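> Please see the structure below; I have some questions.
Readers should treat all values here as calculations from the given coordinates under stated rules, not as data from a laboratory. As the structure is a computational prediction, the values presented were derived from the model and not from experiment. Ideal geometry is used to build each Cβ from the backbone, glycine not excepted, and the neighbour counts take in all protein chains shown.
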Amino acid sequence: MVTGSSGFIGSNFVLDWLRCSDEPIVGLDALTYAGNPENLASIQGDSRYTLVRGDISDTNLVADLLLRYAPRAIVNFAAESHVDRSIHGPEDFIQTNIVGTFRLLECTRAYWSGIHGDQKASFRFTHVSTDEVYGSLGPTDLPFSELRRYEPNSPYSASKAASDHLVRAYHHTYGLPILTTNCSNNYGAFQFPEKLIPLMIHNALAGKPLPVYGDGKNVRDWIYVCDHCDAIRRVLEAGRVGETYNIGGCSEMKNIEVVHALCDALDAARPRADGSSYRTLISFVRDRPGHDRRYAIDNSKIERELGWTPKESFATGLAKTVRWYLDNPAWVSHVTSGAYRQWVSTNYGTRPEVVR
Ligand code: NAD
Ligand code: DAU
């Protein structure tokens, strides 16, 4: 069972899974603004995938699905995932990321208590989390290892941290066979254009300003989404029960470097009519409140224990991503109609340009 299967990473996970396996998946997704069944249009009619529209907080529904489908594992992607939205309105983050994860855990515990033998021994609950729970690094600090203490700084990261703690507690107290992953910034196909990379591609192609927060020197580690999905499959397959695995792309970059790389890729693939570079659209705007300065991941545990390393470099992953957005204008125009415009006005309408 895959929760959040119609979102960005969840849908990539389902597609990758069915490319390498015939084992069926039941997806559970509330289809919020971020959930888009169109992401899985290429497997429509495939009997290996069933989508159930519903909320992970709906105890009756989840209990019923667990009895009906008797999954051998749950991979929990369902969440509110955008930091800026959590700043404008934290409530949904508390509800889904904390209460939702709690209810999902309760249903899973009841289901797991009622199964036996090999089925019980091999069952796994994999919780997909973020490196943001560790807070912000200084320029010379060591990258986040799994031993780093939790210091979440936004309502989003605080809600994910709370969910991680609940997952941990269900293992420690009830013995539920859990695995937790904490990953860095994903990019790739089907990412909603509220996040940095798809937002910049979308704005650039529309000739709109490219809004870089603050001085553009905040650092993130970037991982191509299929590498993240590959790591989760590996953790599910061979991770030690009760453990946490950090997952990173070995690509630490300043935001402004990411935006420059994107502009250069677009200049090559889709030159502007007047011959100017997309870089001329860059506009520095008021910073995100509480903006974490730097994230970086120490991959050594997952590499040592599970033999996993990312396959894509930032250059190869970005080239694939830019190509996907250029080739899928219909997907972009569907998700940027309607409510998306309201979000752009809420988040960027009140963010003045800052001259640097
Ligand atoms: P997303 O916002 O694109 O997708 C979230 C999905 O969850 C959507 O399909 C949405 O409809 C669904 N959902 C939301 N609330 C739900 C609920 N109450 N019940 C059922 N479904 C619900 O997010 P994403 O970027 O794909 O992230 C997936 C997971 O990975 C999240 O838990 C996120 O915290 C984590 N993560 C994301 C990144 C990243 O860079 N995007 C990095 C590390 C970890
Ligand atoms: O680190 C993992 C996290 O990465 C995930 O847990 C989150 O779900 C995911 O959204 C992402 O969080 P970030 O806040 O790092 O991602 P975002 O794409 O929103 O922003 C990336 C960086 O770019 C961040 O430093 C803020 C900056 N930014 C973002 C936007 C949307 C801008 O400068 N301008 C923008 O318009």
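> Short version: ³J(HN,Hα) in whole Hz for each residue of the range 135-147, in order, from phi by Karplus 6.51 cos²θ - 1.76 cosθ + 1.60 (θ = phi - 60°), x for Gly and Pro, what are they?
For the range 135-147, the Karplus curve yields x, 10, 9, x, x, 10, 5, 5, x, 5, 9, 5, 8 Hz.
> Indicate, rounded to the nearest 5 percent, the antiparallel portion of the DSSP beta bridges found entirely in the chain.
10 percent
> Near the amide H of residue 28, under 5 Å away, which other amide H atoms are found, from residues 5 or more places off or on another chain, if H is placed in the peptide plane?
When sequence neighbours closer than 5 places are left aside, the close amide H contacts are 2, 3, 4, 5, 52.
> Report, in degrees rounded to the nearest 10, the 0 to 90 angle that the Cα long axis of helix 59-69 makes with the longest principal axis of the chain.
70 degrees
> What net charge do the residues around residue 154 carry, taking every other residue with its C-beta under 15 Å from that of residue 154, with Lys and Arg at +1 and Asp and Glu at -1?
-4
> Pairs of alpha-carbon atoms within less than 8 angstrom and 6+ residues apart define the contacts here; what relative contact order does the chain have, in percent?
17 percent
> Between the DSSP loop rule and a limit of at most 16 other Cβ atoms within 10 Å, which trypsin sites (Lys or Arg not before Pro) in the range 238-298 are left?
Passing both the DSSP loop test and the Cβ count: 240, 272, 286, 293.
> Here's a follow-up. By the gyration tensor of its Cα atoms, with a ≥ b ≥ c the square roots of the eigenvalues, what is the shape of the range 60-178: rounded for a/c under 1.5, prolate for a/b over b/c, or oblate?
Here the range 60-178 falls in the oblate category.
> Can you list the trypsin sites (Lys or Arg not before Pro) in the range 158-219 that are in a DSSP coil and have 13 or fewer other beta carbons within 10 angstrom?
Hits after loop and neighbour filter: 217.
> Which ³J(HN,Hα) values, rounded to whole Hz and listed in residue order, are derived for the range 37-43 from phi using the Karplus coefficients 6.51, -1.76 and 1.60 in 6.51 cos²θ - 1.76 cosθ + 1.60 with θ = phi - 60°, glycine and proline given as x?
Those phi angles translate into x, 4, 4, 10, 4, 5, 10 Hz.
> Using each residue's phi in the range 111-117, evaluate 6.51 cos²θ - 1.76 cosθ + 1.60 at θ = phi - 60° and report the 3J(HN,Hα) Karplus result to the nearest Hz, with x for Gly and Pro.
With the stated coefficients, the range 111-117 comes to 5, 5, 5, x, 9, 9, x Hz.
> Net charge near residue 271: determine it from the other residues with C-beta under 14 Å of the C-beta of residue 271, scoring Lys and Arg +1 and Asp and Glu -1.
It works out to a net charge of 0.
> Can you give me the long-range amide H partners of residue 247? Hydrogens built in the peptide plane at 1.01 Å from N, cutoff under 5 Å, separation of 5 or more residues or another chain.
Excluding prolines and chain starts, which carry no amide H, the hits are 182, 183, 184.
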